[in-house]
1. A:LEU231 fails exactly one of the following numbered conditions: (1) under 25 Å from C:PRO82 (Cα atoms); (2) out of contact with any strand residue (DSSP E or B) (no Cβ under 9 Å at 6 or more places or on another chain); (3) within 14 Å of chain C (Cβ to nearest Cβ). What is the number of that condition?
2. Looking for something over 22 Å from C:GLY105 (Cβ atoms), open to solvent by 20 Å² or more (accessible area, probe 1.4 Å), among the charged types (D, E, K, R) and within 12 Å of another protein chain (Cβ to nearest Cβ) - is there at least one such residue anywhere in the range C:190-209?
3. Just checking, which of B:LEU62, B:LEU16, B:LEU58 is away from chain A (no Cβ under 14 Å) and at pLDDT 75 or above?
4. Given (1) at pLDDT 85 or above; (2) open to solvent by 10 Å² or more (accessible area, probe 1.4 Å), where does B:ARG222 come up short, assuming only one miss?
5. Can you confirm whether the range B:269-276 contains a residue that is surrounded by fewer than 24 Cβ atoms within 10 Å (Cβ to Cβ), within 11 Å of chain A (Cβ to nearest Cβ) and either on the phi > 0 side of the Ramachandran plot or in contact with a His (Cβ under 6 Å, 6 or more places away or on another chain) (or both)?
6. Filter the range C:169-185 down to residues that are within 8 Å of another protein chain (Cβ to nearest Cβ) and among the aliphatic types (A, V, I, L, M), then give me how many there are.
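The values are calculated or read from the model by the stated rules, or taken from the named source; none is laboratory data. Note that the structure is predicted; figures quoted are calculated from it, not measured. Please note: Cβ atoms are built from the backbone with ideal geometry, for glycine as well, and neighbour counts cover all protein chains shown. Remember, those area values only see protein heavy atoms, side chains included, never the ligands or the DNA or RNA. Shrake-Rupley method; radii C 1.70, N 1.55, O 1.52, S 1.80 Å.
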Amino acid sequence: MSATDLVDISDPGGEPAPTADAPAKIAGRTPMQLALRRLRKDKLAIISAVFIVLLILVAIFAPVITAVIGHGPNVQFPNTGLDAFGTPVGPGKHFLFGTDELGRDVLSRVIYGARVSLAIGIGATLISLIIGMVVGIFAGFYGGPVDTFLSRFMDLLLSFPFLLLAIALVARFGPSFQLVLYLLAFFGWPAIGRLVRGQVLALKEREFVEAARSLGSNNLRIMFVDILPNLLPLAVVYSTLLVPINIVAEATLSFLGLGVQLPTASWGGMISESQNGSLYQVAWWLLVFPSIALFLVTLAFNLLGDGLRDALDPRSGRSQLGK
Amino acid sequence: MFSFVVRRVIYLVIVLLILSFLTYLLFFGGNPGNIAAQVVGRNATAAQIANTRIRLGLNHSLLYQWWHYVTQAVFHGNLGTDFQNQEPVITEIKQALPVTASLTIGGAILWMLLGIPIGIQSATKPRSIRDRLSTIFALTFLSIPSFVLGLVMLYFLFFDLTDHAHLHWFPSGTYVPITQNVGQWFVHMILPWISIALVSAAVYTRLMRASLLDVLGEDYIRTARAKGLPRRTVLFKHGVRAALSPIVTQFGLDIGTLLGGAVITEQVFSLQGIGKLSLTSLFSKNLPVVSGTILLGAAFIVIFNAIVDVLYAVLDPRVRLS
Amino acid sequence: MSTVTAPAGPTVHPAGDNLLEITDLVKHFPIKSGSLLGRTVGQVRAVDGVTLSVRRGRTLGLVGESGCGKSTLARVVTALQPATSGSIKLNGTELTTLRSGQMRGLRRQVQMVFQDPYGSLNPRRRVGSILGEPYAIHDGPKGKDRQQAVQQLLERVGLSSDHYNRFPTEFSGGQRQRLGIARALALRPELVVCDEPVSALDVSIQAQVLNLLEDLQDEFGLTYLFIAHDLSVVRHVSDEVAVMYLGKIVERGPVESLYSRPRHPYTNALLSAVPDPSAAAQRGTSTRIVLTGDVPSPAAPPSGCRFHTRCPKAQDLCSQEEPLLRPTPEDPEHVFACHYPVAAGEPLSIGTWSESAQAAVPRRAPSPARTSITKNREGSA
């Protein structure tokens, strides 16, 4: 009485003999490969990714580029950069983006502003990501009182008024680059934490977690070796969408005078300067160039994030409503 | 239901107390001598500073000071006195609040009218031309920081029109109280409203689209269609209604936040609202005003959170009240 | 063990040499109220006093409808869930009182093959990493040696060593279950708990996986606790079979005896559902007994005999007194728990359905026949 009896009854063809090339013929692809395939078709997302990479390079090599241009970001050119009445000169051969009220090169300042924007935008996102992932994993995995406590805490932070807290903290500690970084990191993580928690709640019920436990994995190993890799697509998408939020928030704080302080070049600070005494009415380039820079980098991250989300979750957008 | 509301109110009061304590700690928890010196001015003598310390109650323990502050605020509507012009903080807030409220409520109506229909359109025909257009609309305005949008609108619709074309379509710069002249109030608010609404409308479009797509993907939608209900009925009665709950949450949070100071828009359009008041006081180190406005803002957020919770319980029978 | 087809393991063990001994095992899950404090308002009695033993190198089949507690039993035996009370002895070592430090040793000896070949393999890890995991946890071979060990495992379960760098998503269901088996074998365990290992697979592939399990048992001298809801699958792999209903064993015995002379009405009902004419002929009847109604909630099991609410033979006694396991006269190894056991060739008819049985299921519209019977070949013996 062996199981071969069953074969005779019910297995005319059977499974294709598991040979080396069998899976290749089924054309199985890893989830990542499939996602990349879909992403490659999204032209806007690809253009955005290229733009972001170029901008990061520009930010890294800002000193080299401005050296080639010959105008440092904080160097004033009273003779060439200001006209006879002391007003800024517009875009031209000498100053591609014009000059500001102190005769500084707007192009150089926009290039240096990218450093601040990207450093804070990406830096704060990374910090938020790490905290959010760890807290979310713990809350979702342990559940019970741990989850209740952490979730309540995250809800509380999510309902914090961002600008009010920024004002309060600046009132106490004074404005600085670090304050903006920590503030944004602090405000970013609860949203990630909540998302991750939800995913972990579902993931921990999957059998592979039980399988890991039956092999003798401890909780830490299950959380960070088994569950964590399954969270990465979500983390990638959400981080890409958090960066532009942080960039805009940094610019807003700098615009309000709560962020990065002058003379450090930041886009928000430059726009704020252009508003001083309604200077931009006569020198539009002071408003337009940093605004365009801000708009383009934000749009690029948003488009890339949107494309990534569609690529990683093709299920989204399937309606049952019919015609 | 009643006990749920009572519990929610108790929770609200506790959160407000904690928040007020943290705010107080943050602002006045430092060196009392420093604060007194700031109040008196640069060239004050040591005796004057000491006097001021006593007058402001800075010699008492922080907890006592805080309790005094809270009881004064709750029972006498007293939030302290402006360091600079010695006016009660509450008077300044009373002057600023109608500005912020006008801005917030008008803006909110506008962004809901824009965001929700576009979101519904977009979700009912995913990947259609309309959906793509609405995605482009949403992503564009999501990517423009609201202060940039405000400044650009000021530049083109105000300066350009007024100075070059001499068209006074969109006046700006001042707030006309609604009690004084409704028409002027309305005209003066148009630019700020559009500025505050466009970015939010983008957010609500995305939120509505995602939420409705989620709902429309459910099997019960197919079941309702299979029963023979018309598409519109299913869309609105089963789809949109269920999809609105995350929108309601977000709306409550946004209104609460903005009532506490639409800082950016007020700054761009020089509207003397709560946010502008808070910001100017911050730069002139006028601590009682800053802490007063921040507490007010926090209170608005917490209260609107609670209202959303109660609304939820009323609207959605699935929410357990325990 | 007097079956004709005792598998010839590499080592011959004396009869009565039990690898696994389960005594009075109980697993209750508390039911928490929805409030914040979470008071316990009841117990789900998933496993409620089970005694079983598995001989070394043999296979015990455990059968029952879904929700009867068999999967919970598997999870308690593999220490994925702590037991509420009772004893589990492996090689004479008590497992229920082991501390977490000693548990690691146990993990090497007891492994599990899971039901869902899609859910039980982490979709984000490569085959090499999944199968290398047991070695990583238990200080096994490292680096090149580990890769070699994993590749040997792959080949042993009928896959190719080239599959080392693939993801689980690139495999078919049957191949994935082979991966699951390979993972369970990596630590060379003594006991493998198979939790419905083929029920998620196509029928055409089930046989291949079952054959693989049998081959591996012969090669490594494995002992299986084999769980299924399908009596035909269990019959082909088991030496002994236990039937479980609502957390209790209702009948247990050697395959031959149990399949040819089932005594408990529940076993009869399950067997009658097997579309196997030869088995029906052996049993002496081809009456198909269709159990209607749901399995009662294990949170509030029926009084007396737990099967009485669905039993065609239930009498008043059945709802009052719980029957104990007792041996059949023919074979002392074959035990059953029933006041009114089915005699050989006895047809189960509607008439024996008692009204008192329904009283135990309150607030339900009375149905005239909760057990309907379809006769195929009347009285064919």
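1. Only one criterion is unmet by A:LEU231, namely (1).
2. Yes, the range C:190-209 has at least one match.
3. Numbers: B:LEU16 fails: away from chain A (no Cβ under 14 Å); B:LEU58 fails: at pLDDT 75 or above.
None of the others qualify; the one that does is B:LEU62.
4. Of the numbered conditions (1) at pLDDT 85 or above; (2) open to solvent by 10 Å² or more (accessible area, probe 1.4 Å), the odd one out for B:ARG222 is (1).
5. yes
6. Residues that pass the stated criteria total 0.
Listed here are the residues, each with its yes/no results for (1) open to solvent by less than 50 Å² (accessible area, probe 1.4 Å); (2) under 20 Å from B:PRO145 (Cα atoms).
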{"site": "B:LEU235", "(1), (2)": "yes, no"}
{"site": "B:HIS238", "(1), (2)": "no, no"}
{"site": "B:ILE247", "(1), (2)": "yes, no"}
{"site": "B:LEU253", "(1), (2)": "yes, yes"}
{"site": "B:ALA262", "(1), (2)": "yes, yes"}
{"site": "B:THR265", "(1), (2)": "yes, yes"}
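So that you can scan it fast, the table gives a plain yes or no per residue for (1) away from chain C (no Cβ under 14 Å); (2) open to solvent by less than 20 Å² (accessible area, probe 1.4 Å):
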residue: A:ALA168; (1), (2): yes, yes
residue: A:TYR182; (1), (2): yes, no
residue: A:GLU210; (1), (2): no, no
residue: A:SER214; (1), (2): no, yes
residue: A:SER217; (1), (2): no, yes
